[in-house]
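The structure appears right after this line, and notes come after that.
Any read-out appearing in this document is the output of simple, stated calculations on the displayed coordinates, not a laboratory observation. Predicted model, so just to flag it, every value in this text is computed and none were measured. Cβ atoms come from the backbone with ideal geometry, glycine included; neighbour counts cover every protein chain shown.
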């Protein structure tokens, strides 16, 4: 004997279908958890390195050495703000990346991608990094977002001239490489 579906059974099936359809749409529209405006609030050396200095030899830069101001300057040098805490990085929903100052027009700085739940790719164009004619690409690994704090690790290529200004009045030895690849841990605070 075949049972006829009752109106109640059809109503439940219809409601379940609507709920399933709505949940699928919400997942697609949710976007990335990393979308937002971020200030670089901390940058620490995560792997020690040496800077060859004329007359002194290798000057060691230890793990956990604070380079926050230097990284803010290197990554946000294309925007001129009255103070570093007013400059920030915008990770937009359309995966564009902008550099901004409060109260000023944002500067198109490139693109970004969420590679995985713990890895971001920041593709900074030559407008964002004027010292590099092709821009730079930074892979941020071990990414964790907790509330308004985003942390991760990356390697930042810093030109010889930048390192020279960092150690002034000392001078770089002639043996210094053209680019220093500095491994750092970053902390961003969402605005």
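Calculated from the alpha-carbon coordinates, the range 72-151 shows an Rg and a Dmax of 12.6, 36 Å respectively. Taking the Cα atoms of the range 101-191, the ratio Rg/Rh between the radius of gyration and the Kirkwood radius comes to 1.02. Sequence-distant contacts, meaning Cα pairs under 8 Å at least 6 residues apart, place the relative contact order of the range 32-190 at 26 percent. Per-residue packing, averaged as other Cβ atoms within 10 Å, sorts the ranges 131-139, 94-102, 55-63 into the order 94-102, 131-139, 55-63, beginning with the highest. A simple spin-label model places pseudo-atoms 7 Å from Cα toward Cβ; at residue 96 and residue 167 they are separated by 4.1 nm. Could you give me D for the range 32-190, from Stokes-Einstein at 37 °C and 0.692 mPa s, where the hydrodynamic radius is the Kirkwood radius over C-alpha pairs? Units µm² s⁻¹, please. It diffuses with D of about 202 µm²/s by this estimate.
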